[in-house]
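What follows is one structure encoded as structure tokens, with my remarks underneath.
The values are calculated or read from the model by the stated rules, or taken from the named source; none is laboratory data. Bear in mind that the values here come from a model prediction, so they are computed numbers and not experimental data. With ideal geometry, Cβ positions are generated from the backbone for all residues, glycine too; neighbour counts draw on all protein chains shown.
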């Protein structure tokens with residue numbers, strides 16, 4: 001079994017739309033969990049009145065190679081007909097060439113000609129596309145931490161991509177999992193990895209609730225408005241004057257003199 005990671009609709013640039021197939025999947029797990037409410041009662045047990053489903057999680061350990069050794073990956077397409085970024089044609093056959101171009105060398109059998117020259121043959125194979133591996137690494141990182149320039153605000157906004165995960169058998173894609181967000185990504189390198197990209201992914205299947213603007217009904221807005229209006233200062237309830245207010249003179253003799 002192999003997997004393909006797909007994001008975007010295939011009409012945008014490489015930062016907003018693309019497909020990457022994983023050459024080899026060494027581990028693939030799906031986790032579907034949830035929890036129920038718990039309320040203790042006098043009988044010494046718990047009762048439940050509802051269930052909350054957690055987001056499904058997908059954990060993948062995979063390898064992306066620098067040289068594609070298969071012969072039909074260019075036929076792997078998503079439902080819209082888009083191919084993967086790391087699609088290659090079948091590798092060329094390995095050839096052996098010699099730098100000795102003498103006529104005598106071409107006429108005599110190789111079993112004898114090997115004694116007439118010390119020229120070593122040249123083995124020609126397809127070169128590893130190490131630069132493409134680095135490109136794929138960058139694209140995978142952008143799925144989780146990319147940004148996109150917003151021309152209206154002249155600022156960079158987060159560009160977290162929703163991912164679709166496909167299984168494919170041969171060239172047939174099946175079992176799509178939609179609305180996945182990458183929550184963890186690990187790249188492993190050691191003396192044995194070579195030009196391969198060894199990676200561990202964790203995806204979480206999410207459900208977004210869109211925001212909707214609406215007008216508050218008048219019978220609800222009026223009470224809220226009254227509660228939010230500023231209230232007149234009426235002094236402190238303990239009888240002490242507010243700061244900045246002159247204390248009231250309560251002496252009757254002084255008040256009588258002032259009245260005279």
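Is it true that residue 20 is assigned to a strand (DSSP E or B) and in contact with a helix residue (DSSP H, G or I) (Cβ under 7 Å, 6 or more places away or on another chain)?
On the way: assigned to a strand (DSSP E or B): yes; in contact with a helix residue (DSSP H, G or I) (Cβ under 7 Å, 6 or more places away or on another chain): yes.
Yes: the conditions hold for residue 20.
Just to verify a result, which residue in the stretch 146-165, among those that are without any contact (Cβ under 8 Å) to a residue 60 or more places away in the chain and closer than 19 Å to residue 206 by Cβ, is surrounded by the fewest Cβ atoms within 10 Å (Cβ to Cβ)?
Our first condition is that a residue be without any contact (Cβ under 8 Å) to a residue 60 or more places away in the chain; within the stretch 146-165, this holds for 147, 149-158, 160.
Filter once more, so that each one left must be closer than 19 Å to residue 206 by Cβ: 157-158, 160.
On the way: 157: 11, 158: 8, 160: 15.
Ranking the candidates gives 158 first.
Mind checking which strands (runs of 3 or more DSSP E) fall wholly inside the stretch 128-230 and carry at least 1 residues that are out of contact with any strand residue (DSSP E or B) (no Cβ under 7 Å at 6 or more places or on another chain) and over 14 Å from residue 20 (Cα atoms)? Write out each step before concluding.
Details: elements: 147-150, 155-158, 163-169, 172-188, 197-205.
Strands (runs of 3 or more DSSP E) meeting the threshold: 155-158, 163-169, 172-188.
What number of residues within the stretch 23-51 are in a strand (DSSP E or B) and either surrounded by 10 or more Cβ atoms within 10 Å (Cβ to Cβ) or within 23 Å of the chain's Cα centre (by Cα) (or both)?
Restricting attention to the stretch 23-51, the residues satisfying the condition of being in a strand (DSSP E or B) are 24-31, 34-36, 39-40, 46-47, 51.
Then keep just the ones that are either surrounded by 10 or more Cβ atoms within 10 Å (Cβ to Cβ) or within 23 Å of the chain's Cα centre (by Cα) (or both); that gives 24-31, 34-36, 46-47.
Of the residues in the stretch 23-51, 13 are in a strand (DSSP E or B) and either surrounded by 10 or more Cβ atoms within 10 Å (Cβ to Cβ) or within 23 Å of the chain's Cα centre (by Cα) (or both).
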Self-check item: Residue check, residue 85 assigned to a loop (DSSP other than H, G, I, E, B), closer than 30 Å to residue 167 by Cα and modelled with pLDDT of 80 or more
Solution: yes
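For the stretch 195-221, enumerate the residues that are surrounded by 11 or more Cβ atoms within 10 Å (Cβ to Cβ) and without any contact (Cβ under 8 Å) to a residue 40 or more places away in the chain.
The initial filter retains those residues of the stretch 195-221 that are surrounded by 11 or more Cβ atoms within 10 Å (Cβ to Cβ), namely 195-206, 221.
Listed by number, the list holds a single entry, 221.
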